[in-house]
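Structure record follows, encoded as structure tokens.
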Amino acid sequence: MRKNAMILALVLVTLLSGCKKEGEQNKEAQNEAAVNQQEMKKENIYQFKVSDLYGSEFDFSTLKGKKVMVVNTASECGLTPQYAELQKLYDKYKDKDFVIVGFPANNFGGQEPGSDAEIATFCKENYGVTFPMMSKISVKGSDKHPMYQFLTQKSKNGVQDSEVSWNFQKYLIDENGELAMVVEPRTLPTDEKIVGWIETN
């Protein structure tokens with residue numbers, strides 16, 4: 001009888017020890033999953049600071065709480081008249097927590113050959129552009145700007161991979177600084193898809 005009690009006690013100790021070990025393993029697995037999840041956490045646009053056409057710093061963290069359209073522009077493209085549509089959109093929604101940020105780029109057919117000063121003059125004189133315009137950058141290839149690495153790589157934006165296919169491709173960023181939508185170059189800035197997104201709370 002005493003022998004049976006000792007055996008039962010040993011079995012219970014073994015079981016409890018096994019449960020404890022399993023619990024510790026589960027806890028370790030949960031901790032590891034939490035770390036991995038944190039590593040995979042989406043980046044946002046607020047980490048970027050760039051220079052505008054006039055050489056001043058533009059800090060994207062100042063846009064927190066706003067919807068943002070990031071668009072690569074060019075002065076000598078068949079789509080260049082979209083500047084007028086962009087300005088029209090900006091005028092309508094700039095007081096409703098929406099902003100457009102333009103990035104001149106010379107990646108397609110050499111259609112943005114000018115200096116920052118020349119681009120600034122062109123935008124103002126031809127289209128009356130008042131939305132923020134940044135210094136010229138590269139939006140594809142080996143010298144792709146970090147901003148566009150974020151916009152085009154799922155590993156960074158957490159949403160999708162994409163390629164900038166031509167001038168005036170639009171990236172829509174939500175109020176949390178995260179990628180919401182990629183819009184192809186030929187779609188006008190005033191398209192109902194874009195307007196609907198801006199107006200949706």
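Since every read-out is calculated from the coordinates, none of them should be taken as a lab result. Since the model is a prediction, treat every value here as computed from it, not as a measurement. As a convention, Cβ positions derive from the backbone with ideal geometry for all residues, glycine included, and neighbour counts pool all protein chains shown.
Extending each Cα 7 Å along its Cβ direction at residue 201 and residue 138, get the distance between those two points in nm, one decimal.
4.5
Using 0.36 nm per residue of separation minus the Cα-Cα distance, give me the extension gain between residue 192 and residue 159 in nm, one decimal. The partial results should precede the final answer.
Values: separation 33, 0.36 × 33 = 11.88 nm, distance 2.22 nm.
Full extension from residue 192 to residue 159 adds 9.7 nm.
Please list, in order, the residues from region 64-103 whose amide nitrogen is less than 18 Å from a point placed 7 Å along the Cα→Cβ vector of residue 181.
Under 18 Å, as judged by backbone N against the label point of residue 181, lie 66-72, 85-94, 96-101 of region 64-103.
Give, as ranges by residue number, the residues of region 93-133 whose backbone N falls under 11 Å from the point 7 Å along Cα→Cβ of residue 76.
109-115
Sum up the charges of everything whose Cβ sits under 14 Å from the Cβ of residue 137, counting Lys and Arg as +1 and Asp and Glu as -1, but leave residue 137 out.
0
Relative to the present Cα-Cα distance, how much length would full extension add between residue 96 and residue 126 at 0.36 nm per residue of separation?
Additional length available on full extension: 8.2 nm.
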